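The structure appears right after this line, and notes come after that.
Derivation of every value follows stated rules applied to the coordinates shown; laboratory data play no part. Here the structure is a predicted model, which is why all the values come from computation and not from measurement. Cβ: placed from backbone, ideal geometry, glycine included. Neighbour counts: every protein chain shown.
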């Protein structure tokens with residue numbers, strides 16, 4: 001899979017990290033290069049007990065996307081998403097721990113849906129957060145611009161996933177490895193950003209009915 | 001992409017081309033992105049040289065299409081690995097035993113053939129999930145209760161074929177044991193039906209298991225003698241009433257009397273699944289974090305390999321006013337009857353010093369009672385599918401560092417307190433000596449009672465995606481535990497492909513004649529060795545010499 005993809009390397013560790021007030025405003029979105037050329041997402045999933053996940057959800061709501069919270073038992077959210085997929089190949093996004101992503105990815109394949117953006121966000125021993133991202137180039141650039149401007153990574157992820165230009169196709173995929181400051185976060189467990197959306201595949205809507 | 005051993009690229013390509021012609025190009029998957037989804041997401045050998053990775057997948061929609069796939073595979077000697085819904089996480093997921101094996105994904109075969117709530121059975125295809133069957137029962141107002149495993153996204157047929165287990169009433173918990181009649185595509189592409197399903201015009205496919213003659217159904221579970229395309233199951237009527245009540249005992253050794261009493265009740269048919277717990281057990285805390293809460297003192301006791309001593313846990317329990325063990329008794333039936341059984345239980349256990357009784361929940365008509373279906377403490381106790389088991393390994397107070405998955409270690413232990421405490425001794429000693437930190441092993445581990453007449457001593461061995469050394473040690477620990485358990489007459493009822501050869505090897509009476517007999521059958525029934533090579537530790541002649 002990776003061999004077919006282009007790889008971008010970027011090092012943003014030295015970037016300016018001044019916080020941008022009002023992240024989520026249209027002005028901020030404009031700075032990040034928000035685009036109309038994007039997939040319509042139906043919902044953003046998050047875990048309220050994880051600070052960055054909650055930050056992502058707050059930014060998603062400011063951008064007008066409904067959010068679904070996973071508290072302990074994923075069953076209600078999983079059922080809701082799968083029910084949605086039974087009717088339509090809806091695209092969803094999230095910043096969650098690994099298990100929700102795993103369960104939704106495994107279920108998504110039955111409905112012709114794939115993970116089209118995948119990011120791992122892990123607190124390193126250096127105290128920085130490492131980001132390993134794979135997805136459409138335009139969205140990666142949106143994230144990159146956001147962290148250069150010093151916004152928290154969860155906000156940048158929300159903007160990249162929700163507002164970033166999303167041109168699909170394997171030739172459009174790229175990878176970005178970067179680090180940001182933890183801004184006081186001590187949450188050692190990694191989080192995963194993701195979009196599950198339709199990519200040409202046979203397990204499509206109605207095909208398994 | 002890894003080709004299967006002993007298959008040329010030209011033959012592989014020709015087989016794939018024929019699959020495309022017969023099944024449709026859109027149902028044949030050979031792209032890396034598609035095939036990756038059939039890897040075992042909980043594999044301890046993820047990205048290692050010996051991780052079994054399939055070469056592709058094909059998704060037939062009917063028994064006739066399965067026959068066509070098998071015939072093509074025979075022609076090109078392409079090994080196949082059938083999956084139902086492919087959700088066997090913890091025991092191998094949808095991955096095969098051998099790299100290059102081609103997955104036969106049966107989820108498009110998702111028809112519910114019949115559900116009968118007068119004679120209490122169902123007949124289903126492999127792609128039907130527990131959620132599907134539950135929804136069908138609810139939608140059509142059938143007065144039936146399912147028996148389901150954790151979690152509910154799997155397939156009744158697939159679960160039964162891996163000897164999966166559940167949570168309600170005696171024999172129904174044994175999902176293979178409660179199946180009745182099957183349709184199988186044999187390795188030569190012929191369709192066979194078993195039991196009364198073999199009798200044209202018989203109405204009793206899912207009611208009489210044996211019919212006449214040899215009972216061969218066992219050859220199709222945890223084995224590789226065919227692809228099962230339909231199965232019947234006995235089902236139980238929805239109960240009039242459900243009562244869950246708890247017995248709590250204060251000391252470690254009270255487990256003996258507790259188990260004796262529970263066995264006595266269950267073997268008389270007075271209770272369903274007895275659910276043991278200890279408020280100090282790490283797995284119990286992960287499964288029910290809202291009920292069993294850790295303290296830093298308890299985390300310290302649990303933090304060392306093998307946990308702490310019995311005396312330290314007893315002292316902790318006394319200090320915090322906790323029981324050492326409890327067991328939740330599930331009663332199903334007429335309210336009057338089950339109330340009488342609960343009174344009887346209190347009399348039976350009343351002689352244990354310090355015993356406490358607590359009625360947890362009581363619901364009339366529980367499967368049509370919204371309060372019950374949404375509020376019951378364990379949805380599995382009412383056969384309501386859910387995904388809550390995925391809280392295991394997730395981040396919680398009892399698991400500050402979440403895992404990336406787990407494989408289950410699950411040896412069969414005799415159903416007595418003495419035997420289980422002997423297993424505590426052996427496994428905690430092993431955990432200390434081997435410095436096992438990847439699994440919560442301790443004297444608070446509880447008997448798992450899904451199998452009606454034996455226990456499973458269950459613990460998860462946690463997987464990491466970022467620490468290969470952790471996984472390599474965990475694999476070695478797992479292999480050592482298999483050997484140590486077998487030295488005491490205990491061995492797994494079910495295991496992931498990585499460990500299937502080792503587990504099959506522990507059934508070693510008379511120079512492993514059981515396995516040798518299965519190999520003889522394998523060579524006769526599947527001479528080309530195409531059907532799930534290695535499943536259940538059974539390898540065809542073609543791959544036996546070089547089995548991984």
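Quick look at the numbers
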| item | result |
| --- | --- |
| Helix B:254-266 axis, angle to chain B major axis (alpha carbon atoms, nearest 10°) | 60 |
| Cα-based helix-to-principal-axis angle, B:9-23 vs chain B, degrees rounded to 10 | 80 |
| For B:522, B:468, B:209, order by how many other beta-carbon atoms lie within 10 Å, fewest first | B:468, B:209, B:522 |
| Rg over Rh, two decimals, the stretch B:65-197 (C-alpha only, Kirkwood Rh) | 0.98 |
| Computed over the stretch A:61-139: relative contact order in percent, which uses C-alpha pairs under 8 Å that are six or more apart | 18 |
| C-alpha center-to-center spacing [the stretch B:110-132, the stretch B:56-103] in angstrom | 22 |
| Span from the the stretch B:277-337 Cα centroid across to the the stretch B:141-182 one, whole angstrom | 28 |
| Shielding by partners - mean other protein chain Cβ count within 10 Å, residues of B:25-36 | 3 |
| Rg and Dmax of the stretch B:375-486, Cα atoms only, in Å | 15.2, 43 |
| Of every Cα-Cα pair in the stretch B:308-367, the percent that sits beyond 17 Å | 53 |
| Kirkwood-based Rg to Rh ratio, the protein assembly as shown, C-alpha trace | 0.96 |
| Kirkwood hydrodynamic radius of the stretch B:418-548, Cα pairs, Å | 16.5 |
| Distance between modelled label sites at residue B:17 and residue B:62, nm, 7 Å Cα→Cβ extension | 2.6 |
| Three-way shape call for the stretch B:261-326 based on the alpha-carbon gyration tensor, with the a/c threshold at 1.5 | prolate |
| Order of A:181, A:88 - criterion: other Cβ atoms within 10 Å of each residue's Cβ, fewest first | A:88, A:181 |
| Rounded to whole Å, sorted largest first: equivalent-ellipsoid semi-axes of the stretch B:119-188, Cα gyration tensor | 20, 15, 12 |
| Chain B: Rg to Rh, with Rh as the Kirkwood radius over Cα pairs | 0.97 |
| Contact order normalised by residue count of the stretch B:393-548, Cα under 8 Å, 6+ apart, percent | 20 |
| Cα point-scatterer Debye curve for the stretch A:82-162, base-10 log of I(q)/I(0) at q = 0.26 Å⁻¹ | -1.31 |
| Contour excess over end-to-end distance, with Cα ends at residue B:2 and residue B:476 and 0.36 nm allotted per residue | 168.1 nm |
| Shielding by partners - mean other protein chain Cβ count within 10 Å, residues of B:388-394 | 5 |
| Chain B: angle of helix B:468-487 to the longest principal axis, Cα-based, in degrees nearest 10 | 80 |
| Cα gyration tensor shape of the stretch B:68-120, rounded if a/c is under 1.5, else prolate or oblate by comparing a/b with b/c | oblate |
| Diffusion coefficient, µm² s⁻¹, Stokes-Einstein with Kirkwood Rh over alpha-carbon pairs of the stretch B:169-298 at 25 °C and 0.890 mPa s | 131 |
| Sorted largest first, extent of the stretch B:228-268 alpha carbons per principal axis (Å) | 49, 29, 17 |
| Packing-based ranking, highest mean first, of A:51-63, B:409-421 given that Cβ atoms within 10 Å are counted | A:51-63, B:409-421 |
| Shape category assigned to the stretch B:291-405 from the gyration tensor of Cα positions, a/c cut at 1.5 | oblate |
| Relative contact order (%) - criterion: Cα under 8 Å, at least six apart; region: chain B | 17 |
| Fewest-first ranking of A:156, B:122, B:284, using other Cβ atoms within 10 Å as the exposure measure | B:284, B:122, A:156 |
| Expected 222 nm ellipticity per residue - DSSP helices of 4 or more, -39500 (n - 2.57), all of chain B, to 500 | -10000 deg cm²/dmol |
| Extended-chain gain in nm, criterion 0.36 nm per residue less alpha-carbon gap, residue B:116 and residue B:422 | 105.7 nm |
